[in-house]
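The values are calculated or read from the model by the stated rules, or taken from the named source; none is laboratory data. If you're wondering where the values come from, they're calculated on a predicted model, not measured in any experiment. Glycine also receives a Cβ, built like all others from the backbone with ideal geometry; neighbour counts cover every protein chain displayed.
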Amino acid sequence: MENSFFAIVSRMKYIERWALMHSSRRENLSEHCMDVAVIAHALCLIGNVRFGKNLNAESAALKALYHDASEIITGDMPTPVKYGSEGIRKSYKAVEAQAAEQLLSRLPEDLRPYYAEIFREDDISPSYEQKLVKAADKLSALIKCIEEKNAGNHEFDTAEITTRQKIDELCEELPEVRVFCDEFLPGYGHTLDTLLAG
C-alpha cells in the first residue's frame with residue numbers, strides 16, 4: 001500500500017522488547033524509542049552546555065525516535081543472538097537495512113530523502129551524535145534492568161552487569177554519558193513520591 005509509512009510506524013507499540021526475558025512489566029518498541037530520544041537529546045545538551053560542543057540535540061532525538069523502526073518488520077532480535085557472532089551481526093545488519101528501505105518505500109518520493117537521512121547510519125565512521133544515540137540506547141537498556149531489579153526480578157541481573165560494563169566503556173569516549181550516569185541515573189527506580197520529595 002502506498003503512503004503507509006506512518007501507519008506502519010504507529011505499529012511500534014505492538015513490538016515487544018526483551019523477548020527472551022521474563023519481565024515484571026512489558027516494554028514495547030514505541031516506549032523504548034521515546035526513552036532513547038529523551039536521553040539522546042539530554043546527552044547532546046550536556047555536550048553543548050558542559051563540554052562546549054555544537055551538537056544538534058533535536059536531530060539526535062529524531063534519529064533516536066526512529067532508531068529501531070526496522071524492528072516493526074524484523075521484530076526485536078535478542079542481543080545475545082544479534083551479537084552472537086560476526087556473521088550473524090553482519091547478516092542482521094543487512095536485514096535491518098532492507099527493512100528500513102522497505103519502510104522508506106512507503107513514503108511519497110518527495111518526502112523520502114528527508115526520512116532516509118534520519119534512518120542513515122554510518123557504522124564505519126559514525127558521527128558524534130550517532131554515538132550518543134547508541135549510548136542512549138544502552139542507557140535505556142540499563143534503566144530497564146534497574147527497574148526490573150527494583151521490582152524483585154532477577155532475570156535481568158546478568159543483562160545489568162554486561163550493560164553497565166558497556167556503558168563504562170562508553171564513558172571513556174563520551175563524557176556526556178558519565179555526566180548522565182552520575183547525575184541522572186540514580187533517580188531511576190525510585191517511586192514518584194520519592195522523586196518529588198524536597
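Overview of results
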{"item": "Matching residues, the range 132-188, being aliphatic (A, V, I, L, M) and within 16 Å of residue 46 (Cβ to Cβ)", "result": "132, 133, 135, 136, 139, 167, 170, 174, 177, 179, 185"}
{"item": "Residue pairs meeting the criteria (Cβ under 6 Å; at least 6 apart or on separate chains; first touching a residue at least 12 places away in the same chain (Cβ under 8 Å), in the range 146-166; second aliphatic (A, V, I, L, M) and assigned to a helix (DSSP H, G or I))", "result": "163/141; 163/142"}
{"item": "Filter result (buried (at least 19 other Cβ atoms within 10 Å of the Cβ) and either in contact with a His (Cβ under 7 Å, 6 or more places away or on another chain) or polar (S, T, N, Q) (or both)) within the range 15-29", "result": "17"}
{"item": "Hits in the range 1-11 - residues which are in contact (Cβ under 8 Å) with a residue 40 or more places away in the chain and either aliphatic (A, V, I, L, M) or part of a loop (DSSP other than H, G, I, E, B) (or both)", "result": "1, 2, 3, 4, 8, 9"}
{"item": "Yes/no for residue 40 being touching a helix residue (DSSP H, G or I) at 6+ places or on another chain (Cβ under 9 Å), of a type in the set (A, V, I, L, M) and modelled with pLDDT of 95 or more", "result": "yes"}
{"item": "Any chance residue 194 is of a type in the set (S, T, N, Q), out of contact with any Asp or Glu (no Cβ under 8 Å at 6 or more places or on another chain) and at pLDDT 95 or above", "result": "no"}
{"item": "Near pairs, Cβ below 7 angstrom, 6+ apart or cross-chain, from the range 12-26 (of a type in the set (Val, Ile, Thr)) to any residue that is modelled with pLDDT of 95 or more and part of a helix (DSSP H, G or I)", "result": "15/29"}
{"item": "Positions within the range 12-49 being among the basic types (Lys, Arg) and either more than 21 Å from residue 100 (Cβ to Cβ) or more than 17 Å from the chain's Cα centre (by Cα) (or both), in sequence order", "result": "25, 26"}
{"item": "Residues that are among the aliphatic types (A, V, I, L, M) and modelled with pLDDT of 90 or more, drawn from the range 71-113", "result": "72, 73, 99, 100, 103, 104, 107, 111"}
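Here is a yes/no grid of residues against (1) in a helix (DSSP H, G or I); (2) charged (D, E, K, R):
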| site | (1), (2) |
| --- | --- |
| 33 | yes, no |
| 42 | yes, no |
| 47 | yes, no |
| 53 | no, yes |
| 73 | yes, no |
| 76 | no, yes |
| 93 | yes, yes |
| 97 | yes, no |
